[in-house]
1. Applying 1/(1 + (r/R0)^6) with R0 = 45 Å to the Cβ-Cβ distance of E202 and R238, what FRET efficiency is obtained, to the nearest 0.05?
2. Mind running the shape call on region 144-225? Use the C-alpha gyration tensor, a ≥ b ≥ c as the square roots of the eigenvalues: rounded below 1.5 for a/c, prolate if a/b tops b/c, oblate otherwise.
3. With the full set of protein chains in place, find how many percent of the accessible area of region 113-268 is carbon and sulfur; take the probe as 1.4 Å.
4. Sorted by mean Cβ packing within 10 Å, highest first, what order do the peptides 84-91, 211-218 take?
5. Quick one: of K13/K162; K162/K216; K186/K255, which pairs are farther than 27 Å apart, Cα to Cα?
6. Can you classify region 192-268 as rounded, prolate or oblate using the Cα gyration tensor, where a ≥ b ≥ c are the square roots of its eigenvalues, rounded means a/c under 1.5, and otherwise it's prolate if a/b beats b/c and oblate if not?
7. How far apart, in nm, are the 7 Å Cα→Cβ label points at E9 and L214?
8. What residue among F129, G149, A187 has its Cα farthest toward the positive end of the dipole of region 119-196, where the charges are +1 on Lys, Arg and -1 on Asp, Glu, each on the Cβ?
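The values are calculated or read from the model by the stated rules, or taken from the named source; none is laboratory data. Computed from a predicted structure; not experimentally measured. Heads up, the Cβs are rebuilt from the backbone with ideal geometry, glycines too, and the neighbour counts pull from every protein chain shown. The accessibility values were calculated without ligands, DNA or RNA, using every heavy atom of the protein model including side chains. Shrake-Rupley method; radii C 1.70, N 1.55, O 1.52, S 1.80 Å.
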Amino acid sequence: MSYSTLRIERLDKGVVWVEIDNPPANAISDALVDDLDALLSELEADKTARVLILASAHPKTFVAGADLKMMTQNASKYAGQGGAIRDAASRMQRVFDRVAKFPRPVIAAIHGHALGGGCELALACDFRFMSGGTIGLTEVSLGLIPGAGGTQRMTLLLGRAKATELIFFAKRLSKEEAEAIGLITKAVEPEQLREEVIAFAESLSERAVFAMGLAKQAMDAAVPLDHGLTVEAENFERTFGTGEPLEGIAAFLQKRPAKFLKDAAAKA
Ligand code: COA
């Protein structure tokens with residue numbers, strides 16, 4: 001199959017290197033969500049694909065999160081249509097959940113910024129290697145909440161206190177900071193990222209990858225996420241009712257600080 005936003009490389013030992021290539025910002029558009037969905041179906045059926053690596057073709061960014069330009073267009077397009085924003089966001093959440101449930105190991109190779117949905121995609125992977133840029137759930141700085149599994153997976157990975165701090169303050173962490181708190185598996189040098197991730201993937205591939213998939217499924221059963229993901233999707237949509245995304249996203253696109261306090265005072 002061919003994909004408009006993904007580049008696929010089949011390497012030795014059943015390792016599949018996938019680069020997300022969605023210029024200009026490597027943001028998550030509808031086309032990228034559709035491509036990821038189709039790729040997961042292709043690779044799930046192909047048992048020779050033993051380890052999946054998600055990387056990026058963008059020079060500075062792993063994934064810049066949800067496409068904010070598309071989101072503002074959709075918000076006005078969907079205005080007054082109950083549930084439409086939630087449905088659009090839920091598709092991204094569902095596809096990231098497929099990444100998390102992929103029945104063999106998945107590794108994120110992060111060479112640049114992994115923000116918002118980019119961080120959520122990385123959180124859906126089993127391992128995260130990072131060589132540059134920043135990582136974090138930045139949605140609250142835009143008046144949104146993480147809507148593609150981030151509220152659930154960040155909390156599960158790091159605990160409620162640390163997740164609260166990172167999500168409320170929309171922190172962007174360096175690879176060293178992310179490694180120190182266990183958000184990433186390993187910080188590596190930029191020129192070694194590809195080599196190191198492929199060597200790690202090969203060492204996984206030489207082991208019993210189907211057993212790993214079944215172990216993953218059993219570990220996921222310890223804390224089923226279905227209810228949390230539903231609440232997250234509903235609350236993602238509810239943020240639009242607060243008026244905060246209107247200010248937060250506009251401020252980002254206009255390259256100025258957001259003025260939430262002024263906005264709240266004006267509404268009071
Ligand atoms: N959606 C849509 N467009 C985006 C985007 C996104 N998530 N992230 C960046 N862009 C656009 C910018 O608006 C800018 O467009 P312009 O050239 O028309 O002004 C272009 O991509 C380059 O971004 P810029 O910020 O100028 O580049 P940078 O190299 O200085 O920074 C990032 C790159 C990714 C660190 C920065 O753009 C950023 O913080 N993006 C937002 C990330 C985020 O919070 N995502 C969560 C979304 S829910």
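1. Efficiency at R0 = 45 Å is approximately 0.50.
2. oblate
3. On region 113-268, the fraction of accessible area on carbon and sulfur atoms equals 60 percent.
4. Highest to lowest by the protection proxy: 84-91, 211-218.
5. K13/K162; K186/K255
6. Oblate.
7. A separation of 3.3 nm, rounded to one decimal place.
8. Comparing the listed Cα positions along the dipole, G149 ranks first.
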